[in-house]
1. Considering only residues of the range 112-127 that are under 24 Å from residue 87 (Cβ atoms) and more than 18 Å from the chain's Cα centre (by Cα), which is surrounded by the fewest Cβ atoms within 10 Å (Cβ to Cβ)?
2. Determine whether residue 107 is under 20 Å from residue 55 (Cβ atoms) and not aromatic (Phe, Trp, Tyr).
3. Just checking, how many residues over the range 31-54 are of a type in the set (A, V, I, L, M, F, W, C) and open to solvent by 50 Å² or more (accessible area, probe 1.4 Å)?
4. Please work out if residue 93 is in contact (Cβ under 8 Å) with a residue 60 or more places away in the chain, within 26 Å of residue 158 (Cα to Cα) and among the hydroxyl-bearing types (Ser, Thr, Tyr).
5. At least 3 residues that are more than 24 Å from residue 70 (Cα to Cα) in each: list the strands (runs of 3 or more DSSP E) lying fully within the range 84-158 that qualify.
6. For the range 75-98, which positions are modelled with pLDDT of 80 or more, among the hydrophobic types (A, V, I, L, M, F, W, C) and either within 17 Å of residue 124 (Cα to Cα) or surrounded by 15 or more Cβ atoms within 10 Å (Cβ to Cβ) (or both)?
7. Pairs under 9 Å by beta carbon, first residue open to solvent by 70 Å² or more (accessible area, probe 1.4 Å) in the range 128-154, partner modelled with pLDDT of 85 or more and of a type in the set (Phe, Trp, Tyr), six or more apart or different chains?
8. Of the numbered conditions (1) open to solvent by less than 30 Å² (accessible area, probe 1.4 Å); (2) more than 19 Å from residue 29 (Cα to Cα), residue 72 satisfies every one except a single condition; which is it?
Amino acid sequence: MQMESKSFVALANFLVVLSCFVVVGHGNLYQYLDVTWGEGQGRILDNGDVLTLSLDQFSGSGFQSYSQYLFGRFDMNIKFVPGNSAGTVTTFYLSSEGATHDEIDFEFLGNLSGQPYIVHTNLYAEGQGNREQQFYLWFDPTADFHTYTVLWNPNLIA
């Protein structure tokens with residue numbers, strides 16, 4: 001899908017994650033993002049090289065970038081909480097601002113024990129969504145950390 005050249009602000013809410021790690025190759029995370037909520041559950045560690053986001057029974061955690069990005073590759077290393085996670089949603093989304101915003105959604109839906117885990121995606125262009133898709137995972141996302149990637153360039157979003 002071709003998207004108009006708007007700058008995006010990276011936003012993320014990780015509500016079902018035991019731990020999520022973001023690693024930067026250059027600079028340090030203190031320069032690039034702000035842990036916006038989570039009462040100590042979102043932390044920058046190892047001199048600014050690693051971001052961890054976690055949850056407990058009361059709250060998750062989240063962060064927002066200081067910069068805007070026109071394109072990029074965004075990797076998430078996520079391990080789901082085992083058992084009944086119905087009512088919780090783990091999300092990573094990129095969004096511009098304004099009434100006609102553009103947005104890329106990547107959401108992991110909670111489930112009842114024994115049901116398949118679902119990844120839900122949606123794209124918004126100029127404020128219009130309705131490009132939703134759902135993918136039933138064929139593996140157990142609670143068994144280990146798995147890497148999920150959003151690749152965004154001038155020609156496609158994958």
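1. Here the residue is 114.
2. Working: under 20 Å from residue 55 (Cβ atoms): yes; not aromatic (Phe, Trp, Tyr): yes.
For residue 107, the condition - under 20 Å from residue 55 (Cβ atoms) and not aromatic (Phe, Trp, Tyr) - is met.
3. Restricting attention to the range 31-54, the residues satisfying the condition of being of a type in the set (A, V, I, L, M, F, W, C) are 33, 35, 37, 44-45, 50-51, 53.
After this cut, where a residue has to be open to solvent by 50 Å² or more (accessible area, probe 1.4 Å) as well, the list is 37, 45.
Total satisfying the criteria: 2.
4. Numbers: in contact (Cβ under 8 Å) with a residue 60 or more places away in the chain: yes; within 26 Å of residue 158 (Cα to Cα): yes; among the hydroxyl-bearing types (Ser, Thr, Tyr): yes.
Taking the combined requirement at face value, the residue satisfies it.
5. Values: elements: 89-95, 103-109, 118-124, 133-136, 146-152.
The qualifying strands (runs of 3 or more DSSP E) are 133-136.
6. Across the range 75-98, the qualifying residues are 76, 78, 80, 92, 94.
7. That search, which allows pairs on different chains as well, returns 130/124; 131/124; 136/117; 140/117.
8. (2)
The values are calculated or read from the model by the stated rules, or taken from the named source; none is laboratory data. This one's a predicted model, so the numbers in the text were calculated from it and none came from an experiment. Heads up, the Cβs are rebuilt from the backbone with ideal geometry, glycines too, and the neighbour counts pull from every protein chain shown. Note: accessible area is taken over every heavy atom of the protein model, side chains too, but ligands, DNA and RNA are not part of it. Shrake-Rupley method; radii C 1.70, N 1.55, O 1.52, S 1.80 Å.
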